[in-house]
1. Taking the stretch 148-159 only, how many residues are over 20 Å from GLN47 (Cα atoms) and either touching a Lys or Arg at 6+ places or on another chain (Cβ under 9 Å) or in a strand (DSSP E or B) (or both)?
Amino acid sequence: MRLRLLAPLVLFLSLTSSSALIAQASLDARLQGEWRGSGTVTGRASQVSMTWERAVGSAFVRLRFRNQMTEGGGRPAEVFEAHGYYRVAGTGAGTGTWLDSRGYILPVQLTMTPDTWVSVWGSSSTEQGRTTYRLTAADTMEVIDEVRVASTGEYREFGRATMARNVR
């Protein structure tokens, strides 16, 4: 009798954990490729490009990121570039390192759902924030950048872009 009761539970647990792994793997695959878009960063219009790909023998996901911001709000035009290297675990989570054109090297903690990749970056000795990459359709993505306000622990949005996959 116990076996009859446990069998559906075991089946349910194995299916739900398998579907979480499949969703994560499919997000990783769906992000891969070249993306271009526009948005606003620190109150300035920006042109953003990203390339997601497998790197270093496919052991890591690499994000190459470029943001070209116009002059505005008393700030000069500038180009921000970065590379992120991420190791994705089989649990919808992972870790990474972010290297950018300011000379920063930031640790990253990842969480993933079927359509969203969230990078929480920084440490107590650096700036902290999070970037959310959300697929809104097969070939479109929304990117939201937020900085963590040290005094309150709350996040404040400083950038948002809408991206489209470069189809060759």
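1. The total comes to 5.
Let's see how each residue does on (1) among the charged types (D, E, K, R); (2) under 13 Å from the mean Cα position of the chain (by Cα); (3) under 26 Å from GLN47 (Cβ atoms):
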site: ARG64; (1), (2), (3): yes, yes, yes
site: VAL88; (1), (2), (3): no, yes, no
site: GLY92; (1), (2), (3): no, yes, no
site: PRO114; (1), (2), (3): no, yes, no
site: THR140; (1), (2), (3): no, no, yes
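So that you can scan it fast, the table gives a plain yes or no per residue for (1) closer than 20 Å to ASN67 by Cα; (2) in contact with a Lys or Arg (Cβ under 7 Å, 6 or more places away or on another chain):
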| residue | (1), (2) |
| --- | --- |
| THR91 | no, no |
| TRP98 | yes, no |
| ILE105 | yes, no |
| MET112 | no, no |
| VAL118 | yes, yes |
| SER123 | no, no |
| GLN128 | yes, yes |
| THR132 | yes, no |
| MET141 | yes, yes |
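Computed from the coordinates by the stated procedures, all read-outs in this text should not be read as laboratory data. Note that this is a predicted model, so its numbers are computed, not measured. For neighbour counting, all protein chains shown are included, and Cβ atoms are generated from backbone atoms with ideal geometry for every residue, glycine included.
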